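Contents: one structure, followed by commentary.
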Amino acid sequence: MTTSTTVAASGAAEHAAKGPIDPISQFEIHRVIDLGPFSLTNSGLWAIIAICLVSLVFLSAPRKLVPTRLQSFAEGIYEFIDNMTHEVLGHHSREFFPFVLTLFTFILACNVLGLIPYAFTVTSHIIVTLALALTVFIGATIIGFARNGLRYLKIFVPSGVPPLILVILIPSRSYPISSGRSRFPSVSSPT
Amino acid sequence: MMAGHMMLKVAAGFVIMLGLLAGWFPLIATVALYALELLVAVLQAYVFALLTCLYLNDALHVDH
């Protein structure tokens, strides 16, 4: 009892001492619905709100021949990602388009919702972006091995290299590994 | 997202601290930072989606 009151009092004093500039407390995670280990935090709540917003935009957009404002907005996002996947993935784009569209719209909704005052920015925590990036990374590796078998290891070797050169090349130019490592954090950095 | 949001809050705090007389300058800065944050928000989602596509492309097309 006494400890809880002192903690609350010190918390209140800390809050009062912070003044008008308090840039860090907006990132605090607290429980909205307290259910022990299954609690809903404000981070989870805003992620759910982001998912609901994306679903609402894409499901409630009318399917008219002459598009309304909401419909052209939804179609704009759809076509943007469709073009991007088609340019990069070619004829495989249909398989992975839903995943990329979901990822893009979820991150976009989380980021934009976080700009509303008093909202919580889900993507500001590195654990969220890291989890998303690891999902993509592990998923792409599994797909690579499932589609190509052990030939997938060839991504570490430049094409058209005679086998003898590899003995020299592998120790000195393990650059695909290092470039993979350097590209990987750029996905996960919360900017 | 983290750095930008902190900068926004610092600039917005300056508006309150400086008051009616000088508070307009950090207000302009807040608006400019908000525009930058909006750009970063879209850009981060775009870069994430693009890198996902590139990784999947690497996984699908090994031979070239």
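Read the figures in this text as sums done on the coordinates, not as results from a lab. Given the structure is predicted, the values throughout are model-derived calculations rather than measurements. Because the Cβ atoms are built from the backbone with ideal geometry, glycine has one as well, and the counts that use them run over all protein chains shown.
Please give, to one decimal in nm, the separation of the simple spin-label points placed at B:Val31 and A:Arg69, each 7 Å out from Cα toward the Cβ.
2.1 nm
With N residues in the stretch A:33-85, what two-decimal value do you get for its Cα radius of gyration over 2.2 N^0.38 Å?
Computed over Cα atoms of the stretch A:33-85, the ratio equals 1.62.
Between A:Asp22 and A:Phe80, what length comes free when the chain is fully extended (0.36 nm per residue of separation minus the Cα-Cα distance, one decimal in nm)?
Result for the pair: 17.1 nm of gain on full extension.
How high is the relative contact order of chain B, given as a whole-number percent (alpha carbon pairs under 8 Å, six or more residues apart)?
30 percent
Suppose R0 equals 35 Å. What FRET efficiency, 1/(1 + (r/R0)^6) with r the Cβ-Cβ distance, do A:Lys154 and B:Val47 give to the nearest 0.05?
Given R0 = 35 Å and the Cβ-Cβ separation, E is 0.85.
What are the equivalent ellipsoid semi-axes of the stretch A:75-116, built from the alpha-carbon gyration tensor (square roots of five times its eigenvalues), in whole angstrom, biggest first?
23, 9, 7
Would you mind checking which residues have amide H under 5 Å from A:Val32's amide H? H placed 1.01 Å from N; only 5 or more apart, or other chain.
A:Leu40, A:Thr41, A:Asn42
Okay, which of the stretch B:21-37 sit inside 13 Å, backbone N to the point 7 Å along the Cα-Cβ direction of B:Met7?
B:29-37
How charged is the neighbourhood of A:Leu45? Take every other residue with its Cβ under 15 Å from the Cβ of A:Leu45, and add Lys/Arg as +1 and Asp/Glu as -1.
-1
What is the mean projected area of the alpha carbon convex hull for chain B, to one decimal in square nanometres?
5.0 nm²
From other protein chains only, count the Cβ atoms within 10 Å of every residue's Cβ in A:20-30, then give the mean.
4
Say each of A:Leu134 and A:Leu59 gets a label point 7 Å from the Cα, pointing the same way as Cα to Cβ; how far apart are those two points in nm?
3.0 nm
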